[in-house]
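The values are calculated or read from the model by the stated rules, or taken from the named source; none is laboratory data. Note that the structure is predicted; figures quoted are calculated from it, not measured. Cβ coordinates were reconstructed from backbone atoms using ideal geometry, including for glycine residues, and neighbour counts include every protein chain displayed. The area values use the complete protein model at the heavy-atom level, side chains included, leaving out ligands, DNA and RNA. Shrake-Rupley method; radii C 1.70, N 1.55, O 1.52, S 1.80 Å.
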Amino acid sequence: MILAGDIGGTKTSLALFSGAADQLDPQVKKVFSSPDYPSLDPILREFMAGVAAPVTAACFGIAGPVVDEKVRTPNLPWLIDGREIARRLGLSAVALINDLEATAYGALTLEANEFFTLNAGAAEPRAAIGLIAAGTGLGEATLYWNRNGYRALASEAGHADFAARTELEIELLAYLIRRFGRVSYERVISGPGILNIYNFLRDSGRFTEPASLKERLLSGDAAAVISQAALANEAEICIKTLDLFVSAYGAEAGNIALRAKALGGIYVGGGIAPKIIAKLAEGDFMRAFADKGRYGEFVSRVPVKVILNEDAALRGAAYYGAMHSK
C-alpha cells in the first residue's frame with residue numbers, strides 16, 4: 001500500500017492507494033481540518049490507527065518549500081520532518097514534495113473529463129507544461145520532458161513580488177504595501193487575496209459594503225462568501241472583487257506560459273478555480289492571460305485547462321510514491 005498525503009493550510013487529506021503508478025486505486029481516504037491540529041503527527045496517528053494493511057511507500061505533497069527532507073509550512077505553525085515520519089511508519093524513507101509538484105504529477109493521471117477547457121489552443125508534444133493553483137495560498141510549478149516522461153519542477157513563485165498591470169492594480173498594490181510592507185502574488189491571488197481585494201475596494205471608497213454582507217463575512221469563510229455573492233450578482237463590490245481577482249489570476253497564468261515556454265499547456269489547479277468556473281469562462285481570465293504585448297499571439301496558442309478533480313495532488317503524491325518505491 002502507498003500512503004499519500006496532500007497537506008495544506010486549510011485541510012490535510014490522507015489516503016491509501018494500491019496498484020502501480022499508472023493504475024492507482026484509492027482504498028481509504030480521510031480529510032482533516034489542518035488548523036485543528038498542532039502538527040501532522042496526531043493526524044497521522046489518527047489515520048494509521050484504522051489501517052491494517054502494511055504501508056510499503058509514502059509520499060506527502062506539502063504547501064511549502066522542502067529543504068533537507070523538512071518543511072516549515074508557511075500557512076501553518078508546523079515543522080514536517082520526513083525522517084521522523086519514516087521512523088514512525090517503519091520505512092527506510094518518506095518522500096516530501098511541494099504540493100504543486102504533487103498536483104503536476106496528479107494532472108498526468110487524470111482523464112479528459114476531469115478538466116474544464118478555458119482555451120483549446122494547440123499543445124506541442126513534449127513541450128513544458130505550467131501549473132498555477134490558488135487556494136489558501138498560491139502555488140506554481142512546471143512539468144518538463146525528461147527522456148521517457150514528464151518530471152515536475154517545484155517553485156515558490158507564488159511568493160514572488162506582485163506586479164501591478166493597471167492603474168487600479170497599482171492602487172491595490174499601494175494599499176497592500178501600507179498594510180503588509182512587501183506584497184507577493186499570494187497576497188492577491190488566493191483565498192485571503194480575495195478578501196484583500198474586497199477590503200481595498202471598500203476602504204478606498206469605491207463601493208459600499210451592504211450590512212447583510214458584512215454580517216456574513218464575519219460569520220463564515222470570507223473568500224467563499226464574496227465569491228458566492230459575486231456569482232449570484234448580489235453585491236457590486238463582490239462582483240468587482242472577483243473581476244479583479246480573475247484578471248490577476250489570468251495574468252499570472254500567462255506569465256508562467258512565458259517563463260516556462262509552456263507550449264504543452266497551462267493547468268489551473270487549487271480549490272478556488274472549480275468553484276468559480278462560470279466566472280473564469282466569461283473571458284476576463286483569458287484576456288489577461290493573452291495580454292502580453294508582442295507575445296500575445298504566442299501565449300494565445302497555449303491550451304489552458306482547469307483541474308476539476310479535487311484529489312489531483314493526492315493522486316500525484318501516490319504517483320510519485322509508487323514511482324520512487326521501486
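Keeping every protein chain in place, order THR136, THR12 by accessible area at 1.4 Å, biggest value first, i.e. largest first.
Numbers: THR136 50, THR12 0 Å².
If we order THR136, THR12 from most to least accessible, we get THR136, THR12.
Cross-link pairs exceeding 27 Å in C-alpha to C-alpha distance, out of LYS214/LYS279; LYS30/LYS261; LYS240/LYS292, comprise LYS30/LYS261.
Arrange the residues VAL51, VAL71 by how much accessible surface each exposes, largest first, with a 1.4 angstrom probe.
Values: VAL51 35, VAL71 0 Å².
My answer, sorted largest first, is VAL51, VAL71.
Amide H contacts for VAL94 (H built 1.01 Å from N in the peptide plane; partners 5 or more residues away or on another chain; cut-off under 5 Å): ALA86.
Determine the shape class of the range 169-248: with a ≥ b ≥ c the square roots of the Cα gyration tensor eigenvalues, call it rounded for a/c under 1.5, and otherwise prolate if a/b is greater than b/c, oblate otherwise.
Working: a/c = 1.66, a/b = 1.58, b/c = 1.05.
Here the range 169-248 falls in the prolate category.
When only Cα pairs below 8 angstrom with a gap of at least 6 residues are kept, the chain shows a relative contact order of 24 percent.
Classify the range 224-326: rounded, prolate or oblate, from the alpha-carbon gyration tensor (a ≥ b ≥ c, eigenvalue square roots; a/c under 1.5 rounded; otherwise prolate if a/b is larger than b/c)? It comes out oblate by the Cα gyration axes. Take the alpha carbon atoms of the range 128-165, find their center, do the same for the range 168-194, and report the distance between the two centers in whole angstrom. What the calculation gives is 20 Å, centre to centre. Overall, the chain carries a charge dipole of about 500 debye about its Cα centre when +1 sits on the Cβ of Lys and Arg and -1 on the Cβ of Asp and Glu, all other atoms neutral. Considering only beta bridges that DSSP places wholly inside the range 31-142, some 70 percent are antiparallel. If the segment from ASP68 to GLU46 were pulled out straight at 0.36 nm per residue, it would be longer than the present Cα-Cα gap by 5.3 nm. Residue-wise HN-Hα couplings along the range 88-102, as the Karplus relation 6.51 cos²θ - 1.76 cosθ + 1.60 with θ = phi - 60° gives them from phi, are 5, 8, x, 10, 6, 7, 10, 8, 10, 10, 4, 4, 6, 4, 4 Hz; Gly and Pro carry x. Beta bridges assigned by DSSP with both partners in the chain are antiparallel in approximately 65 percent of cases. Using all Cα-Cα distances in the chain, what percent lands in each 10 angstrom bin from 0 up to the longest? The percentages, shortest bin first, are 6, 26, 33, 23, 10, 2. Between the residues LEU263, ALA174, SER219, the greatest Cα displacement towards the positive end of the dipole of the chain, with unit charges on the Cβ of Lys, Arg, Asp and Glu, is found for LEU263. Using the rule -39500 (n - 2.57) for each DSSP H run of four or more residues, divided by the residues of the chain, the 222 nm mean residue ellipticity is -11500 deg cm²/dmol. Near VAL94: Cβ cut-off under 14 Å, other residues only, Lys/Arg at +1 and Asp/Glu at -1. The net charge is -1. Rg/Rh for the range 10-119 (Cα atoms only, Rh after Kirkwood) is 0.97.
On the accessible surface of the chain, probed at 1.4 Å, how many percent belong to carbon and sulfur atoms? C and S atoms contribute 49 percent here. Rolling a 1.4 Å probe across all protein chains gives ASP161 an accessible area of roughly 100 Å².
Probing with 1.4 Å while keeping every protein chain in the model, the per residue accessible area of the chain equals 46 Å².
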